[in-house]
Amino acid sequence: MASPLENPTIYTWTVGSVNGLICLYSKIEEPFLWNPTIRKSKKLPTFGDKLRRNCSYYCKYGFGYDEARDDYKVVVVQCISDDGGSYDTVVNIYSLKDDTWRTVDKFQGNFLVNSSGKFANGKLYWALSANVDTFDMCNIISLDLAYETWRRLELPSYGDSNYPLTLGVVGSDLSVLCPCRQVTNSDVWILKDCGVKVSWTKIFTIEHHRDLGEFIFFSPIFSIPLCQSNKGESLLLLPPVIMIYDGSTKQLEAIENEEYFAAEIYVESLIDPVLIADRGHRNLETSQSFSY
């Protein structure tokens, strides 16, 4: 299969991009892993009863790289509601190396805000809300892909705000946009996660652009720095436009007139997702044959 985007009638979302592989999903298809450089894609195996579609309040996806196992993993966090109004959360993880899904320990937290987890330094990050019906922010949670363990992070010191944090990635580090100062400005921070210790550094402040309106700065679909130049310019996605933030002049400038609602940084590679999965199957068959 060359491309999972051949059918234009199926609306497809991007989960993330790592080492030349892009993870995509739609409401009617299982997720795909796709390398557009070599035109190879792999449809992930169906996880059937692992995903209880009819009673799902939401599904949140994540895609990242487990360096310890040299493996690529897709995470599906499903919040399940029942008739009584209570909620439960089920976490399923797909391993490309094993080409299988597994259900891991229950997620310990509240409700995830951003639809796709942000991958940085071996971990997937989501914003966390205490209320399923609002975007009130209370914390940030991470999933370590090597150990498959959850962790809550301390927040940057940005003052009191009822608006949600918005997550992104700058280089290899997690970035967070924090609305503050009576919603006239928003600070952008980056995280240096050194194991036990967490350190936040504020890299710049965005003055809100009146013509764009306030909503885009406080919406989970807002995407903060896609990349930064040596001159201190940052490329941002402010739906529905792509913009450049100039750190010296503190000005936002639109660079595209088209409407965009999602964007990812992609780096070309020769990684073949089909080959990795097939190699895993052969290794599994070899180990099983020696076990008899």
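The values are calculated or read from the model by the stated rules, or taken from the named source; none is laboratory data. Predicted, not measured: the structure shown is a model, and the values here were computed from it. Positions of Cβ are backbone-derived with ideal geometry, glycine not excepted, and every protein chain shown enters the neighbour counts. Side chains included, ligands, DNA and RNA excluded: accessible areas come from the protein's heavy atoms. Shrake-Rupley method; radii C 1.70, N 1.55, O 1.52, S 1.80 Å.
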Checklist line | Built amide H within the under 5 Å cut-off of residue 269, gap 5+ | finding: 37
Margin query: With the crude spin-label approximation of a point 7 Å out along Cα→Cβ, what separation in nm comes out for residue 248 versus residue 46?
Written below: 5.8 nm
Item checked: Accessible area (Å², 1.4 Å probe, nearest 10) - residue 69 -> 90 Å²
